[in-house]
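To start, the structure under review is shown below, and the notes come after it.
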Amino acid sequence: MLRNARPQARYLVACLGLALCLAWPALELALRLTGESGARGDAMMLFAAGLVVGTPVDDGWGALLADQLTWIVGTWAVCALAMALRMVAGLLWISRAALHERQDPAWQARAERLAAQFGITRAVRLRVVERLGSPVTAGWWRPVVLVPAALVSGMPPHLLEALLAHEMAHIKRHDYLVNLGQNVVETLFFYHPAVWWISGRIRVEREQIADDFAARQLGEPRRLALALSELEKLQFSTHHLAQAANGGDLMSRITRLVRPDTQALNWKAAIPVLGLVIGAASLAHAAPAKQVKADTAAVADFSSCKRPNYPAESIKQNHTGTVSLGFLVAKDGTVKESKVTQSSGHVALDEAAHTALAKCTFKPATAKGKPVEEWTAVKYVWTLE
C-alpha cells in the first residue's frame with residue numbers, strides 16, 4: 001500500500017508501528033496491575049508473545065504460561081540483559097572514540113562548514129577511527145561523526161564530503177534519538193519478529209530520507225551516489241560487509257539516487273489510469289496544446305537573502321571563479337528546485353553560492369502578464385579583489 005509513497009510517509013508509519021509494539025503490552029501490563037484486564041488483555045499478551053488469537057497455541061497458552069512463567073521470565077531477563085549490555089558497550093565505545101581518537105583539523109573545519117549549511121547550531125565533532133567500516137554518527141546534544149581512516153586517506157575529498165553531508169542530515173533530523181529508542185524496543189522485545197522487521201524498515205527508510213536531504217543540500221545526487229559507490233569498493237577491498245552506517249544496503253541506495261525507483265502498479269489498479277491516459281491522448285490529438293512561453297524571465301531579489309560567504313579554505317588557496325546556477329521559480333517567487341549547471345572548478349565555491357542563493361526569493365517569470373513557473377539562470381562570480 002505504501003510502496004509508491006514517499007520515504008517520509010513510510011518512515012512515519014513504521015515508527016508508529018514500533019511505538020505500538022511497545023505501547024500495547026505496556027497497556028496490558030498496566031491493566032493487569034490494576035486488575036482491569038480481561039479478554040482484551042489476553043489478545044494483547046498474545047501479541048506481545050508473537051502469537052495470534054485463535055491459533056492452536058491459543059487454546060492452552062494461559063495454562064502453559066502459568067506453569068512455565070518463572071523460566072520464561074528468567075530467560076527473557078537474561079537475554080534482555082545481554083542485549084542491554086551490548087547496547088551500553090556500544091555507547092561506551094562511541095564515547096571513548098569521541099574522546100581519544102585522532103582529530104583532523106582540515107576535516108573538522110569542513111564538518112563545521114557543512115553543519116552551518118544544514119542549519120545545525122550545535123557543535124559537531126569529527127574523529128578519525130581505524131578499523132571502522134563506514135561513517136557513524138552518534139550523540140544528540142554533542143554529536144560526533146566517526147570517520148574511517150581508510151576513507152580519509154583513500155577517498156577523494158569531494159566524495160567524502162558528500163558522505164559527511166549524509167551524516168549531517170542524520171544530525172539535523174535528530175535520528176540518533178529515534179535509533180536509541182529503536183534499540184530500547186529491540187532489547188525489550190528481542191523475541192518478536194514483527195519488532196525486528198519494523199525496526200529494519202525504519203533503518204532503511206531513514207537512510208533514504210538522509211540521502212534525499214543530503215542530495216538536496218549538495219545539489220548533486222550523482223555525487224552522493226558516486227561517494228556511496230566508492231564506499232562500497234573500499235569496504236569490499238577491506239572485507240567489510242557493504243552496509244552503510246545505521247543500516248541500508250549501499251547498492252539499492254546508489255540505484256535510487258541515480259534512477260529513482262518506481263513500483264509497478266497492479267494491472268487492475270492501472271485500468272483507470274490507462275483510461276485517463278487514452279482520454280488525455282485523444283484530447284491532445286484533437287486540440288494540441290502549445291507550451292506557454294514566458295515573456296519575461298524570473299529575476300532574483302538579492303535583498304531577500306544573505307550574500308554567499310567566501311569559504312575560508314578557498315580564501316587560503318586563492319580560489320576564484322564563476323558558478324552558473326539554475327533555479328526553478330514557482331509562481332509565488334519561491335525556489336522549487338535548484339542545481340549547479342556549470343561549476344566554478346571548486347566544489348566549496350559552488351556549494352556556498354548554491355546554498356545561499358537558493359534561499360532568495362524571485363520576481364516570477366510572466367506570460368501575458370500572469371506569473372508562470374519557469375527555470376532561470378543565475379551566475380555568481382567569486383573574486384578576491
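The values are calculated or read from the model by the stated rules, or taken from the named source; none is laboratory data. All values derive from a computational prediction rather than experimental measurement. Every residue, glycine as well, gets a Cβ built from its backbone with ideal geometry; the counts of neighbours run over all protein chains shown. The area values use the complete protein model at the heavy-atom level, side chains included, leaving out ligands, DNA and RNA. Shrake-Rupley method; radii C 1.70, N 1.55, O 1.52, S 1.80 Å.
Assorted remarks:
- Dipole check for region 119-235: with +1 at the C-beta of Lys and Arg, -1 at the C-beta of Asp and Glu, and the Cα centre as origin, the magnitude is about 280 Debye.
- Cα lying deepest toward the dipole's positive end in region 289-385, options G321, L384, A300, charges on Cβ: A300
- Pairs of Lys residues in region 290-366 that lie 8 or more places apart, or on two chains, and have C-alpha atoms under 16 angstrom apart add up to 7.
- Straight-line cross-link partners of K379 among the aspartates and glutamates, defined as a Cα under 12 Å from its Cα and at least 8 positions apart when in the same chain: D350.
- Near-label residues of region 352-385 by backbone N, under 13 Å of a point 7 Å along Cα→Cβ of V299: 362-366
- The fraction of accessible area contributed by carbon and sulfur in region 299-376 is 50 percent, rounded to a whole number (1.4 Å probe; ligands and nucleic acids excluded).
- The smallest convex shape that holds all Cα atoms of region 62-204, its convex hull, gives 126 Å³ per residue.
- With every protein chain in place and a 1.4 angstrom probe, the accessible-area ranking of D211, D295, D301, largest first, reads D295, D301, D211.
- Of the residues C15, C21, the one with the largest accessible area comes first in the ranking C15, C21, computed with a 1.4 Å probe on protein heavy atoms.
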